[in-house]
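Enquirer: Structure below; questions to follow.
The values are calculated or read from the model by the stated rules, or taken from the named source; none is laboratory data. As the structure is a computational prediction, the values presented were derived from the model and not from experiment. For neighbour counting, all protein chains shown are included, and Cβ atoms are generated from backbone atoms with ideal geometry for every residue, glycine included. What goes into the accessible areas is simple: the full protein's heavy atoms, side chains included, and nothing from ligands, DNA or RNA. Shrake-Rupley method; radii C 1.70, N 1.55, O 1.52, S 1.80 Å.
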Amino acid sequence: MLLKVSNVNKSFGSKIVLTDNNLEVGKSEIHALVGMNGAGKTTLVRIISGVIDDYEGDIIFEDKNINKLSVIERQNVGIYVVPQHAAIIPEFTVAENIILGTWPKDTLGMVDWKKIYENAEKVLHDYGLDFDPRMKVRDLSLVNQRKLNVVRALFSKAKLVILDEPTTALSSEERDSLFKFIEAQRQQGTSFILISHYLEEILRLCDTITVNRDGRSYTGYKKGEIDEATLSKLIVGESVKLLERSSEEKLKTKKVSLEVNGVSGKGMDNISFTLGRGEVLGVVGFPGSGAREICRALSGLNTISKGQITLNGREFSIPKDPKTAVNQKIIYVSFDRHKEGVVQLLSIKENISMSILTSRLKKMFGFINKTKEIENANEYFKTLAVRASSINESVGNLSGGNQQKVVISKALSALPEVLILDEPTVGIDIKSREEILALIDHLTKERGLSVLYLTNDFNELLRISDRLLFFEDGKLIVDKVNDGLTAEDVMQIRDLKDLKEGVLN
Ligand SMILES: Nc1ncnc2c1ncn2[C@@H]1O[C@H](COP(=O)(O)OP(=O)(O)O)[C@@H](O)[C@H]1O
Ligand SMILES: [Mg+2]
C-alpha cells in the first residue's frame, strides 16, 4: 500500500465537509476521486498534501503515519499535487519550470544555463514529450502545460501525483492525450489520484474509484465492476436523467432568427449561415478554425471587417463591443467564468442584476426596482437549482457548477434573442450539466431562444444540437442537420478524412 487515508474528518467552523473518509492507493495505481462540485474532493487532497493540517484521522504513506509532516516534508517523501489552477510559472521557460528550486550551479556558483537546457531536453525526451525547453510556458497549449506539471512532479521524485481536475478546459482529444501520458507514467511505477467529471474516461483509465458524496467516501470500486449509470447514481445520490433533445425538434423547419452574410474579419473568411428561431446550432472546429472567432465576433469581442447581419428581420449593426451586442439582444457566455463571467465578491443577486441595471430594473431618477430585482434573481435561482443558502450569498463561495449557473442567469436576465454559449459546462459536475442542458432545451422550445453552442465535448454537442456548423481556416466548410450523428462522424467531418458525397447535405 502506498497511501492510506483512514477515518479523516474535517469541518470549517460549523460546516462539516468530510466525515470518516477512507481510501487506499496501491503502487502503480491510477485512483479516481469523483463527486459533485462541493463534495469535498479538493479538501481531501489538501489534507493529503498537508496544506490543511487541522484534521482528524490518519494519513499513512508507505506504512508511516505522516500526520505531523509539513507540505514540503510530504513532497520530499513523494506526494505531489498538481492543483486545479496550474502551479507553473507562465513567464518562465519550460526548462526553468522543470528545475524550479533545484538550479544547477557551476564551480563559481553561477547558474549553468547550458546545462539547464540540456537536462530539460533530456528529461522531456525521457517522458516522451517533444516540446522545446526554451519555450515560455504561456506559449504551450493547455494540455502540454498539464503534462509539464506532471513532469515537474516526477522530476522531483514524486511517487504519488495528485491531479485535481486536470482536464478542465481541455478538448476531448487533449484529454485523451493527457490520459495516455498518465497511463505511460503509471507503467513506470508512479501512482496517481485523478479528480475529474468525465466518467467515461475515468471508467476506462482508472484501476480503483472513490466517490465522495455529502462528505462521505464510498470507496474500493474496481475497474470493470461498475458502469457509468451506477457510478453517476453513486455520485449524485439519485439517478441522473441525461437530456435527449427530441429529434422532431432537430428537423423542424424554423423561422430564421439570425442571418450572417459574408462575414470576414480576424480569423474569419466570408462566413454565411442562418440560425433558426428556437434552434440550437452546434459549432465545431479546432482552435483558430473560425469557430470561436465567429462566436466572439457576433458578441462584439472580435472585430468584423466586412459582411451583413440581420436579427429577427432587423438590421444588426456590427457590434464594436459586447455592450452593443447585448443591446441588440445577442449575449455571449464565456467558458472562462473567472475572467469574463462573474464578480466573485458580489452576491448572486448582484451578479444576476448586473446586465439589466440600466434597462429592465431601471426606475426614474436612477433608482433600481428592488422588488423586480429580487423577483428576477429568485426566478433563475430556482429554475437552475443554484445550490446556495440564498441569492444574497457571495458568488466566490459557490462551487464552479453553481457559479456557471449564475453566469447563465445573468445572461438570460437581459432577455437575449440569441445566446452564444462557449464551453458552458467545463468543469461542471454531471447533475449541474444536465440542469443547464435542460434549461437550454426548455428556453429554445418555449421562448424561441436561439443558441450557438460551442464545445469540444462531442457527446454533449450531439445531445443538444439541432444542426452543426464545421469550421476550418476561418471558413464554414460544412452545415449539417444532426440527424443521428455520432461523435466519430463529427471527428471525421471535422478532420475531412472521409469527406465524400453523402456526408454533406
Ligand atoms: N477554506 C474553506 N472555508 C470554508 N469552507 C470551505 C473551505 N474550503 C472548502 N470549503 C467548503 O467545503 C466544501 C467542499 O469543497 P471542495 O473540497 O472544494 O469540494 P470539491 O473539490 O469536491 O468541489 C464546499 O462546500 C466548500 O464551500
Ligand atoms: Mg475541487
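Enquirer: Tell me the residue from L178, L140, L129 that is more than 16 Å from ligand 2 (Cβ to nearest atom), outside the structural domain of R213 (by TED's automatic domain parsing) and open to solvent by less than 40 Å² (accessible area, probe 1.4 Å), please. Break it down stepwise before answering.
Expert: Values: L178 fails: outside the structural domain of R213 (by TED's automatic domain parsing); L140 fails: outside the structural domain of R213 (by TED's automatic domain parsing).
Going through L178, L140, L129 in turn, the sole match is L129.
Enquirer: Out of (1) open to solvent by less than 70 Å² (accessible area, probe 1.4 Å); (2) of a type in the set (G, A, S); (3) within 30 Å of S191 (Cβ to Cβ), what's the single condition that is false for G285?
Expert: Unmet condition: (3).
Enquirer: Looking for something of a type in the set (D, E) and within 30 Å of K431 (Cα to Cα) - is there at least one such residue anywhere in the stretch 61-78? Break it down stepwise before answering.
Expert: Going residue by residue through the stretch 61-78, those that are of a type in the set (D, E) are 62-63, 73.
Of the ones still in play, those that are also within 30 Å of K431 (Cα to Cα) are none.
No, every residue in the stretch 61-78 fails to be of a type in the set (D, E) and within 30 Å of K431 (Cα to Cα).
Enquirer: Among helices (runs of 4 or more DSSP H) lying entirely in the stretch 347-442, which contain 2 or more residues that are within 24 Å of A325 (Cβ to Cβ) and within 16 Å of ligand 1 (Cβ to nearest atom)? Give the derivation first.
Expert: Numbers: elements: 348-353, 370-383, 400-413.
So the answer is 400-413.
Enquirer: Another question, then. Go through (1) in the same structural domain as L454 (by TED's automatic domain parsing); (2) part of a helix (DSSP H, G or I); (3) open to solvent by 10 Å² or more (accessible area, probe 1.4 Å) and name the single condition A325 misses.
Expert: Unmet for A325, out of (1) in the same structural domain as L454 (by TED's automatic domain parsing); (2) part of a helix (DSSP H, G or I); (3) open to solvent by 10 Å² or more (accessible area, probe 1.4 Å): (3).
Enquirer: Within the stretch 11-18, does at least one residue satisfy the condition of being assigned to a loop (DSSP other than H, G, I, E, B), modelled with pLDDT of 95 or more, surrounded by 18 or more Cβ atoms within 10 Å (Cβ to Cβ) and at negative phi? Give the derivation first.
Expert: Our first condition is that a residue be assigned to a loop (DSSP other than H, G, I, E, B); within the stretch 11-18, this holds for 13-14.
Filter once more, so that each one left must be modelled with pLDDT of 95 or more: none.
No, the stretch 11-18 contains no residue that is assigned to a loop (DSSP other than H, G, I, E, B), modelled with pLDDT of 95 or more, surrounded by 18 or more Cβ atoms within 10 Å (Cβ to Cβ) and at negative phi.
Enquirer: While we're on this one: With (1) modelled with pLDDT under 90; (2) open to solvent by 30 Å² or more (accessible area, probe 1.4 Å); (3) not acidic (D, E) as the list, and K475 as the residue in question, which single condition is left unmet?
Expert: (1)
Enquirer: Tell me the residue from S217, S239 that is of a type outside the set (A, V, I, L, M) and within 16 Å of ligand 2 (Cβ to nearest atom), please. Before the answer, list the steps.
Expert: Numbers: S239 fails: within 16 Å of ligand 2 (Cβ to nearest atom).
Testing whether each residue is of a type outside the set (A, V, I, L, M) and within 16 Å of ligand 2 (Cβ to nearest atom) leaves just S217.
Enquirer: May I pose another question? Collect the residues in the stretch 168-178 that are modelled with pLDDT under 80 and not acidic (D, E), keeping them in residue-number order. Working first, answer last.
Expert: Within the stretch 168-178, the subset modelled with pLDDT under 80 is 168-173.
Answer for the stretch 168-178, where residues must be modelled with pLDDT under 80 and not acidic (D, E): T168, A169, L170, S171, S172.
Enquirer: State yes or no: is F181 modelled with pLDDT of 95 or more, of a type outside the set (D, E, K, R), away from ligand 1 (no atom under 15 Å from the Cβ) and under 21 Å from the mean Cα position of the chain (by Cα)?
Expert: Details: modelled with pLDDT of 95 or more: no; of a type outside the set (D, E, K, R): yes; away from ligand 1 (no atom under 15 Å from the Cβ): yes; under 21 Å from the mean Cα position of the chain (by Cα): yes.
Against the criterion (modelled with pLDDT of 95 or more, of a type outside the set (D, E, K, R), away from ligand 1 (no atom under 15 Å from the Cβ) and under 21 Å from the mean Cα position of the chain (by Cα)), F181 does not qualify.
Enquirer: Go through (1) open to solvent by 70 Å² or more (accessible area, probe 1.4 Å); (2) free of Cβ contacts under 8 Å to residues at least 12 places away in the same chain; (3) closer than 21 Å to S272 by Cα one by one and return the number of the condition S317 breaks.
Expert: (1)
Enquirer: Restricting attention to the stretch 5-25, which residues are among the charged types (D, E, K, R) and more than 16 Å from ligand 2 (Cβ to nearest atom)? Talk me through it step by step, then tell me what you get.
Expert: Taking the stretch 5-25 and keeping what is among the charged types (D, E, K, R), we get 10, 15, 20, 24.
Within the stretch 5-25, D20, E24 qualify.
Enquirer: Out of all the residues in the stretch 38-83, which are open to solvent by 70 Å² or more (accessible area, probe 1.4 Å) and within 16 Å of ligand 1 (Cβ to nearest atom)?
Expert: Residues satisfying the conditions are G38, R46, V51, D53, D54, E56.
Enquirer: Further question on the same structure: Filter the stretch 194-215 down to the residues that are open to solvent by 80 Å² or more (accessible area, probe 1.4 Å) and under 24 Å from Y80 (Cα atoms) and list them by number. Let's see the steps before the verdict.
Expert: Initially, the stretch 194-215 is screened for residues open to solvent by 80 Å² or more (accessible area, probe 1.4 Å), giving 200, 204, 214.
Across the stretch 194-215, the qualifying residue is only R204.
Enquirer: Can you confirm whether I294 is in a strand (DSSP E or B), under 28 Å from S141 (Cβ atoms) and under 29 Å from the mean Cα position of the chain (by Cα)? Break it down stepwise before answering.
Expert: Working: in a strand (DSSP E or B): no; under 28 Å from S141 (Cβ atoms): yes; under 29 Å from the mean Cα position of the chain (by Cα): yes.
Answer is no for this residue.
Enquirer: Mind checking which residues of the stretch 27-37 are open to solvent by 10 Å² or more (accessible area, probe 1.4 Å) and of a type in the set (G, A, S)?
Expert: Restricting attention to the stretch 27-37, the residues satisfying the condition of being open to solvent by 10 Å² or more (accessible area, probe 1.4 Å) are 27-29, 36-37.
S28 - this is the single residue of the stretch 27-37 that is open to solvent by 10 Å² or more (accessible area, probe 1.4 Å) and of a type in the set (G, A, S).
Enquirer: Would you check which residues across the stretch 230-255 are in contact with a Ser or Thr (Cβ under 9 Å, 6 or more places away or on another chain), more than 16 Å from ligand 1 (Cβ to nearest atom) and open to solvent by less than 70 Å² (accessible area, probe 1.4 Å) and list them?
Expert: Matches in the stretch 230-255: V240, R245, E249, K250, K254.
Enquirer: Right, next: Kindly check whether there is at least one residue in the stretch 393-414 that is open to solvent by 80 Å² or more (accessible area, probe 1.4 Å) and away from ligand 2 (no atom under 16 Å from the Cβ). Break it down into steps so the answer makes sense when it comes.
Expert: Keep residues of the stretch 393-414 that are open to solvent by 80 Å² or more (accessible area, probe 1.4 Å), which gives 397.
From what's left, away from ligand 2 (no atom under 16 Å from the Cβ): none.
Within the stretch 393-414 (the criterion being open to solvent by 80 Å² or more (accessible area, probe 1.4 Å) and away from ligand 2 (no atom under 16 Å from the Cβ)), the answer is no, since none of the residues qualifies.
Enquirer: Which condition does V342 not pass, out of (1) under 21 Å from L439 (Cβ atoms); (2) open to solvent by 60 Å² or more (accessible area, probe 1.4 Å), if it passes all the others?
Expert: (2)
Enquirer: Also, quick follow-up: Suppose we keep only residues that are crowded, with 23+ Cβ neighbours inside 10 Å, of a type outside the set (V, I, T) and touching a Leu at 6+ places or on another chain (Cβ under 7 Å) within the stretch 149-169. Which one would you say is farthest from L23 (Cα to Cα)?
Expert: Only one residue tops the list, namely P166.
Enquirer: Only one of (1) in contact with a helix residue (DSSP H, G or I) (Cβ under 8 Å, 6 or more places away or on another chain); (2) under 30 Å from R138 (Cβ atoms) is not met by T42, so which one is it?
Expert: Tallying (1) in contact with a helix residue (DSSP H, G or I) (Cβ under 8 Å, 6 or more places away or on another chain); (2) under 30 Å from R138 (Cβ atoms), T42 fails exactly one: (1).
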